[in-house]
Structures are given as C-alpha cells and as structure tokens.
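Colleague: Mind looking over this structure? Questions follow.
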Amino acid sequence: MKTKDAKDLNKKIGAILKEQRKALGYTCADVSKILSTYGLSCKLNTINSWENGLTNISGVQFIILCKIYNIKNINALFLDDNDDNSLNSEGMAKLEDYRNLLVASGLYKKSTKNNVVEFPKKRYEVPMYDLAVSAGTGEFLDNDTHEMIEIPENLPEGVTKKDIQYAVHIHGDSMHPKFKDQQLIWIQKTEELTEGDIGIFYLDGDAYCKQFHITNEGLFLVSLNKEYEPIRVKETSNFKILGKVIM
C-alpha cells in the first residue's frame, strides 16, 4: 500500500510535468503522438492520470517525457532540498530510482567540457622570399617571388608576431655560429638600427645579413665569423637598411 508521502511525490512529479507541457504549448494529445514516436503507446487518460498523481509513471516514460519537455536539470526541478527533507525512506528510495534511471539513460550525463568557447587562434603569416641574403660575398635581393608562411610560436622575449614582416634564408657562413648556412631568419622592417644590431642591408646591388657597426672611421657591416673582413659602407655607396633580424 502506498504511503501518503509516496502519493504526494507522485502528485509533485505530475504537477511539474503538466506545467512543463503547458509551458511548451503541448496538449495531452500532442504528447501522446510524440510518445508514440519513441515506441510508447499512451492514451490521453494515462497522461492525465500521471499529471494528477493518480498513477505511477515508469522510469522509461519519465525519462522520455523529460527529453520531450527539454528538462535539463532534474535535481533542481524535481529534487528540491526542502522537499527531500520531508520525504520518508520510501519516498527517498523512489527519487533515487528515478535518478539512477536518468543516469543509466545517458541523456542527462554531465558534460566534462567547460562552457568556454575557444575561438581559433589568429594566424600570422608573412612572405618568405625565394632569394637568399648573403652572409658572405653578397647576393642580389630584388625579387617579389615568395610564399606565405606562419610565424612560429616561440619568439624571443619582448617580441610579438606583429613585429615580424617577412622572412629570408641566409646564404653562407659569415654569421656563424649564430646563424647557419640556409637558415631561415625573421625580419622586422625598419630603416633604423642601433650599434650592434644584426640587420638586412642593401649595398650597391647586393643584399647582406650583417652586424651594424659604427666607428669614428665610418659605417661597417661586420661578420660574426672572424674569417670575413668587415665591409665598409662608403659615402658614395648605394646603401639602405632593409630590416632588423628578430631571430
């Protein structure tokens, strides 16, 4: 025989389901048709009986109705803490049965993912020119043939991807050991360098990767490999700073 608490629980569940149905604008006939699509045959008087707490609703029926009514948080809607405190052991057991059925269905499994939407990281690409700059005797850099490549993630401290405008390969070993032959280097466009900066230079028709060096005797393009003599920039030279080597 059902206890008073069990009957009260049936009424509470039925009232909530009825409220959810009406909020969605469904009639009992609508719900009966929808249930049939899930393979459940339920007459109108059966649905009315559930909603008025006159008959028990099975676990499967309850699960499907929650899905139809888009009920996401079962605990918040059906398992109010204050009401739980008023239930006896039979009522609590009935609530636990519903809970176990909901968990077993997999329809209401808590997501392990957070709700933060991760937007794709912005891709920073710069042109990589086909012609190399010389770390030795000089090579002509006057060609727009290039492909776009993505800037790497690991940058020197204080350098951002926005600081880099293009990339070229080094040809030669005069900047060894810091830069090797055919190494790809990343350049910031600028026409100004300070003493000791490594840059890309145009000098009398050739392009170089050298260290910028100013003395009382004038301006020099210096190799890190001591086997190469510094290149002096004459007052009559056609000279231009093309950029600063970032890395």
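Colleague: Among Lys161/Lys234; Lys12/Lys67; Lys11/Lys94; Lys161/Lys210; Lys180/Lys234; Lys162/Lys226, which pairs are too far apart, with a Cα-Cα distance over 25 Å?
Modeller: Distance filter (> 25 Å) returns Lys161/Lys234; Lys180/Lys234; Lys162/Lys226.
Colleague: A follow-up question, please. Using a simple spin-label model with points 7 Å from Cα along the Cα→Cβ vector, what separation in nm is obtained for Asn52 and Glu19?
Modeller: Going by the 7 Å Cα→Cβ label model, 2.0 nm.
Colleague: Still on this structure: Where in the range 156-179 is the amide nitrogen less than 12 Å from a point lying 7 Å along the Cα-to-Cβ axis of Glu217?
Modeller: In the range 156-179, the label zone of Glu217 (backbone N under 12 Å from the point 7 Å along Cα→Cβ) covers no residue.
Colleague: Note down the nm distance, to one decimal, between modelled labels 7 Å out along Cα→Cβ at Asp204 and at Lys43.
Modeller: 10.7 nm
Colleague: Kindly write out, for the range 34-43 in residue order, the coupling ³J(HN,Hα) from the Karplus curve 6.51 cos²θ - 1.76 cosθ + 1.60 (θ = phi - 60°), rounded to whole Hz, with x marking Gly and Pro.
Modeller: Each residue's phi maps through the Karplus curve to give 5, 4, 5, 5, 9, x, 10, 9, 10, 7 Hz.
Colleague: Please tell me the relative contact order of the range 125-245 in percent, rounded to the nearest whole number, where contacts are Cα pairs under 8 Å and at least six residues apart.
Modeller: For the range 125-245, the relative contact order is 26 percent.
Colleague: Which ³J(HN,Hα) values, rounded to whole Hz and listed in residue order, are derived for the range 45-51 from phi using the Karplus coefficients 6.51, -1.76 and 1.60 in 6.51 cos²θ - 1.76 cosθ + 1.60 with θ = phi - 60°, glycine and proline given as x?
Modeller: Once rounded to whole Hz, the list reads 5, 5, 5, 4, 5, 4, 5.
Colleague: Would you mind ranking Val245, Val103 so that the residue whose beta carbon has the fewest other beta carbons within 10 Å leads the list?
Modeller: Ascending number of Cβ neighbours within 10 Å: Val103, Val245.
Colleague: Can you work out the FRET efficiency for the pair Asp197 and Arg123, with r the C-beta to C-beta distance and R0 = 25 Å, to the nearest 0.05?
Modeller: After rounding to 0.05, the efficiency reads 0.30.
No lab work stands behind these numbers, since they all come straight from the coordinates. Predicted model only: the values in this text are computed from it and were never measured. All Cβ positions, even for glycine, are placed from backbone atoms using ideal geometry, and neighbour counts span all protein chains on display.
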